[in-house]
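Chemist: Starting off with a structure, shown below.
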């Protein structure tokens, strides 16, 4: 153990003399510091308690160990604090009906993360009498009462769903084929660009379809009129041709070349034939000209009329 004499030459560097002139106050401070240093060095030096073994450094001769089996004395600071807060030695709580004894529990309970009542809960779940295996679907047998109850609930849910569907059916847009659940959603859809765009598109298609049907109907009526006129002219031509031809017994037999030459139209009739590419009326005229070969045309059998006459 070092003696105090070994540390006599140790001085505080702040007290080192910087000049030859030293005041009396400064000398007094130096002497006081030296005396305090001698007193400190005279005592036995030891490490702090954090570096030493608590069993060797802690003195418990005058201490009293706390326990939940023994109430705290009136000299305890906590006891005095509770008395000042209004506690009168009864149970806890504003009415004094709370617990009077502290919650018992060992250190192992708090280390496992348990709280008040947690240990009892774990013991209940781990008890063999309370453990029950969950039954499989094949093991569950439905009783008549459970079956009736299930059917009643199913019927009730079905009615609720049907009523809901009927209620929200008024919020369906038939044009867009979209169903909504609230009035706000339905109103927003009716004001949207998508709804109006589809509405205009359907109206345009309906208008085009109506116009197309009208055009086809007018063409069909015009074709029927022209076909009727064509059939009438064809019948008149056949009648005139049959009346102008001689009987078969009065004519001498003809050869094949003579028959072919007779079938060809004459030069006058050839010049009268005209071919046009203007329209349906001109095509009909060409057909009627071919049919009327070799037949003298009459004004009352004309197959072509003016547009005003056709409409009449």
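Chemist: Between residue 209 and residue 165, how many nm apart are label points set 7 Å from Cα along the C-beta direction?
Modeler: Each label point lies 7 Å from its Cα, and together they span 2.8 nm.
Chemist: Moving to a separate point now. In nm, give the distance between the simple-model label positions of residue 223 and residue 41, each being 7 Å from the Cα along the Cα-to-Cβ direction.
Modeler: Rounded to a tenth, the inter-label distance reads 13.6 nm.
Chemist: Another question about this same structure. Relative to the present Cα-Cα distance, how much length would full extension add between residue 120 and residue 216 at 0.36 nm per residue of separation?
Modeler: That works out to 25.4 nm of additional length.
Chemist: Which of 199, 229 has the fewest other C-beta atoms within 10 Å, and how do the rest follow up to the most?
Modeler: The most exposed by this proxy come first: 199, 229.
Chemist: Report the calculated FRET efficiency for residue 157 and residue 189 (r = Cβ-Cβ distance, R0 = 35 Å), to the nearest 0.05. Please report the intermediate quantities before stating the final value.
Modeler: Details: r = 29 Å, r/R0 = 0.82.
Efficiency, from the Cβ-Cβ distance: 0.75.
Chemist: Quick check: the distance between the Cα centres of region 203-220 and region 115-138, to the nearest angstrom?
Modeler: 80 Å
Chemist: Listed highest first by mean packing, meaning other Cβ atoms within 10 Å per residue, what order do 148-161, 183-196 come in? All intermediate terms of the calculation are to be shown ahead of the outcome.
Modeler: On the way: 148-161: 10.2, 183-196: 12.4.
Ranked by mean Cβ neighbours within 10 Å, highest first: 183-196, 148-161.
Just so you know, all these numbers are worked out from the coordinates, no wet-lab data involved. Since the structure is predicted, the reported quantities are computational estimates derived from the model, not experimental observations. Counting neighbours? That spans all protein chains shown, and the Cβs are built from the backbone with ideal geometry, glycine included.
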